[in-house]
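Structure, as structure tokens:
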Amino acid sequence: MPAISSFDIAVLPGDGIGAEVIAPCLEILKAAIDKVGGFELRFSELPAGAGEFQRSGIALPPDTLAACRKADAILLGAMGWPEVRYPDGTEIAPQLDLRTELNLFAGVRPTRLLPGISPVLSDPRAAELDFVIIRESVEGLFAMRDQGMVVDDAEARDTMVITRKVCEPLFDFSFDYTRKRAQRGGRNQLTCVDKANVFASLAFFRKIFDERHARNGDVSARHAYVDATALNLVRRPWDFDVIVTENMFGDILSDLAAGLIGGMGFAPSADIGLDHAVFQPCHGSAPDIAGKGMANPTATFLSGAMMLDWLGDRHGCASANRAAAIVRTAVDDAYRAGTRPYEVGGSHGTEAIALAVSDAIGATALAT
């Protein structure tokens, strides 16, 4: 009998609804793993976030960061709280620190409409919405987030940073991701979104993209400006397959994309580097609904499925990939059967959604 693979997962529930969505996610992952067997996850819960900053004065404790470095993957709930800020007025955001510390340059943001959820757009093609935004996650306009300056209370400056060191692996990752996605039904099309007609930094971004495309000629590549892309994500989002873009542009466009599928509670994400990866829902800590049992955990479940797939691909663990497929199928089945979060005008809270997905896992037949 082959040895059972075991993976150490650093779990950072964080703030607000973070803990509320992480707890059922761990149970969903365990249920899927029990279904397929062949591997196990060992979860270690670690402190970080605005609450930890209030308690200890440190938002991302050194011991937590060290544990994240050693872990096979990191699962994060949500971090930050509007009233808890650094002296310069910015919010506590250890998730951004993790991206920098672990060099998680590729922020993967899938956008897929779930069965039974009414599309925002009236065109019939909106019902099959399925595209991905890859957001550069360690530099761009975010590179100077701790180093912006205010000069004599008269002007403020932040600097956009684009480097070849980050762009080359980002674009290689994006071409490879697009290629693999094509094997599962994607269109093998990667769009570089920038503002190269105005900014030298983004003309450089595009130049490096074109250089890497020359090495990945089997993938169709095209260019688009960010303003036109924002327009077309509303008018014709089905025209996109995979988008790669600068950090701030990706931050904004991925929120727009979430709006097309019902909201942030449906939007999973991964921040991936060469050696580490963090998986988390795109939403924040949601102070307005924290503690009310109203949070939609779906994005967290789907982020967990992304983690399983990443572990499976990275370590050659086919059981992890099968468990990921079970989670996604169970989410689809739960929504197809009528699950409706408060987020889209329904009456199902965190517990009800988790139960529906758990029941669907129990009813899932294993593929032979």
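Points to keep in mind about this one:
- Over the range 118-260, the ratio between the Cα radius of gyration and 2.2 N^0.38 Å evaluates to 1.12.
- 14 Å beta-carbon shell around Met149, net charge (K/R +1, D/E -1): -4
- Applied to the range 109-116, the Karplus parametrisation 6.51 cos²θ - 1.76 cosθ + 1.60 on θ = phi - 60° returns per-residue 3J(HN,Hα) values of 10, x, 10, 9, 6, 7, x, x Hz, with x for Gly and Pro.
- Paramagnetic label zone (point 7 Å from Cα along Cα-to-C-beta, Gln54; backbone N under 18 Å) in the range 277-321: 284-293
- For the range 118-260, size of Cβ-based charge dipole, Lys and Arg +1, Asp and Glu -1, in debye: 680
- Footprinting exposure proxy for Arg336, Arg215, Arg322 (fewest neighbouring C-beta atoms within 10 Å first): Arg215, Arg336, Arg322
- Most fluctuating residue given options Cys192, Cys68, Cys317, as computed from a GNM of the chain linking Cα atoms under 10 Å: Cys317
- Taking label points 7 Å from Cα along the Cα-to-Cβ direction, Phe199 and Thr159 give a separation of 1.4 nm.
- Rounded D (µm²/s) - the range 1-147, Kirkwood Rh over Cα pairs, Stokes-Einstein at 37 °C, 0.692 mPa s: 184
- Net length gained if the chain between Arg336 and Ala127 were fully extended (0.36 nm per residue, minus Cα distance): 73.9 nm
- Across the chain, Cα pairs under 8 Å and at least six residues apart give a relative contact order of 23 percent.
- Across the range 118-260, the mean sequence separation of Cα contacts (distance under 8 Å, 6 or more residues apart), normalised by length, yields a relative contact order of 36 percent.
- Long-range amide H partners of Arg340 with built H, under 5 Å: Ser347, His348
- Cβ-to-Cβ counts within 10 Å put Tyr225, Tyr335, Tyr86, Tyr342 in ascending order as Tyr86, Tyr225, Tyr342, Tyr335, the fewest first.
- Taking 15 Å as the cut-off, the amide N atoms of the range 33-47 that come nearer than this to a point 7 Å along the Cα-to-beta-carbon line of Ser6 belong to 38-44.
- Dividing the helix sum by the residues of the chain, where each DSSP H run of 4 or more adds -39500 (n - 2.57), gives a mean residue ellipticity at 222 nm of -13500 deg cm²/dmol.
- Put simply, the Cα atoms of the chain extend 58, 51, 47 Å along their principal axes, the longest span coming first.
- Label-to-label distance, nm, for residues given as Ser44 and His315 (7 Å Cα→Cβ offset): 1.4
- Put in order of Cβ neighbour count within 10 Å, fewest first, the listed residues Arg125, Arg340 become Arg125, Arg340.
- Among Gly345, Gly316, Gly80, the largest mean-square fluctuation in a Gaussian network model of the chain (Cα springs under 10 Å) belongs to Gly345.
- Listed values for the range 257-262 are Karplus-derived 3J(HN,Hα) couplings in whole Hz (6.51 cos²θ - 1.76 cosθ + 1.60, θ = phi - 60°), namely 4, 4, x, 6, 10, x, and x replaces Gly and Pro.
- Remark: spin-label model distance Glu351-Asp255 equals 3.2 nm, labels positioned 7 Å along the Cα→Cβ axis.
- Value of relative contact order over the range 254-368, rounded to a whole percent, pairs C-alpha under 8 Å and six or more apart: 23
Bear in mind these aren't lab numbers, they're just calculated from the coordinates by the rules spelled out. Just so you know, these numbers come straight off a predicted model, no measurement behind them. Cβ: placed from backbone, ideal geometry, glycine included. Neighbour counts: every protein chain shown.
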